[in-house]
Amino acid sequence: MTDPAAKPRRGCFFYGCISGLVLLALVLGLLMAGLHYVRKMVNQYTDTKPMELPTVQMAPGEVDKLKQRFESFQQAVREQRPAKPLELTSDEINALIAGGPEWQALKGKFYLNLAGNQLKGEVSMPLQELGLSMFKGRYLNGSATFNLSFRNGALSVSPQTVIVKGKPLPEVYMQQIRTENLAANLTNEPKAVAVLQGLQGIQVKEGKLIVVPKEQP
C-alpha cells in the first residue's frame, strides 16, 4: 500500500529549474553591479558639456604673419622647393588651431603645451570620437600627454596619459584611447597629405614643434 503521508519525489527537472533561477539571479546581480560601476565611472570621469579651453593672446598682425609663414612653408613643400625647417611655439600652434580652417577638427578640443621634448595639453573631447561609443554625448575634460610620431609621411598623435578631475583615467579606458590617432583626419585632406609626404620629420624639441622638410636636389 502507498503511504499517503509520503512526500512526492522531485525530479531532475525541478532541481534544474531551481539551479537555473539561482544562476539567473547571480547573472542579474553581476549585471546590476556592472551597471552601477559604469554609471559611477561616467559620473566621475566625464561631463555632459565640453570644457572651456584657454585662448591665445596674440595681436591680429602677429597672427597674420604666422599664417603667412605657415602657408609659405606648406606651399614650398608641396611644390618640392627648398625650405628651412618650420619651428612653432605653443602659442603659435594654438593660434593656428583657433584661426585656421584646416584645423577646424581640433578647434575647441585641444590647447597644446610644448614642455621640453613633450607634447602636453588640455583636452575637451567627445568620448565617441575616442572610440568609446558607449559614452555618446559625454565629454572627456582634463589634461593629457601625447605621443607624437612621424614615419613615411604618416603623422600619429595619440594620448598616453589623461588626468581628469585630479585623477588618472582608468587603464581599462586608456587602452582603447591610446589606439586612437588624433591626426587621422589629415589623410582625408589632399593638401595635408601632399605636405606630409614632403616632410622628413616632425618632433617636439626644447619647447618647440620642429617640422623638417625633405632635402631637395
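Note on Val212: accessible area is roughly 40 Å² with a 1.4 Å probe, heavy atoms of protein only.
For Val193, the accessible area of its heavy atoms, probed at 1.4 Å with every protein chain present, is near 50 square angstrom. Largest to smallest in accessible area, the residues Asp64, Asp47 fall in the order Asp64, Asp47 (1.4 Å probe, all protein chains included).
Amide H contacts of Gln160: Thr145, Phe146, Asn147, each under 5 Å away and 5 or more positions distant or on a separate chain (H built 1.01 Å from N in the peptide plane; Pro and chain starts excluded). Let me know the shape class of region 137-188, please: from the alpha-carbon gyration tensor, a ≥ b ≥ c as square roots of the eigenvalues, rounded when a/c is under 1.5, otherwise prolate if a/b is greater than b/c, or oblate. Since a/c reaches 1.5 and a/b is larger than b/c, the shape of region 137-188 is classed as prolate. Placing one equal scatterer on every Cα of region 43-95 and applying the Debye formula, the log10 ratio I(q)/I(0) at q = 0.20, 0.27 Å⁻¹ is -0.78, -1.07.
Accessible-area rank, largest first, for Leu96, Leu186, Leu112: Leu186, Leu112, Leu96, with all protein chains present and a 1.4 angstrom probe.
Would you mind checking Lys67/Lys191; Lys84/Lys191; Lys49/Lys136; Lys65/Lys109; Lys107/Lys167 for any pair whose Cα atoms are more than 21 angstrom apart? Among Lys67/Lys191; Lys84/Lys191; Lys49/Lys136; Lys65/Lys109; Lys107/Lys167, the Cα-Cα distance tops 21 Å for Lys65/Lys109; Lys107/Lys167. Using the Cβ-Cβ distance between Gln68 and Glu171 with R0 set to 45 Å, the FRET efficiency works out to roughly 0.50. Rolling a 1.4 Å probe over the protein chains gives Lys205 an accessible area of about 100 Å².
Of the solvent-accessible surface of region 144-217, computed with a 1.4 Å probe over protein heavy atoms with every protein chain present, carbon and sulfur atoms account for 50 percent.
For region 161-171, 3J(HN,Hα) computed residue by residue from phi via the Karplus equation (6.51, -1.76, 1.60; θ = phi - 60°) reads 9, 9, 10, 10, 6, x, 10, x, 5, x, 4 Hz, glycine and proline entered as x.
Taking Cβ atoms as reference points and 12 Å as the exclusive limit, the residues near Glu129 contribute a net charge of +2, counting Lys and Arg as +1 and Asp and Glu as -1. Once C-alpha pairs closer than 8 Å and six or more residues apart are averaged by separation and normalised to the residue number of region 171-217, the relative contact order reads 22 percent. For the residues Glu79, Glu52, Glu122, a 1.4 Å probe over the protein chains yields an accessible-area ranking, largest first, of Glu52, Glu79, Glu122.
The values are calculated or read from the model by the stated rules, or taken from the named source; none is laboratory data. It should be emphasised that the depicted structure is a prediction, and the values quoted were computed from it without experimental measurement. Positions of Cβ are backbone-derived with ideal geometry, glycine not excepted, and every protein chain shown enters the neighbour counts. For accessibility, only protein heavy atoms count, side chains too; no ligands or nucleic acids. Shrake-Rupley method; radii C 1.70, N 1.55, O 1.52, S 1.80 Å.
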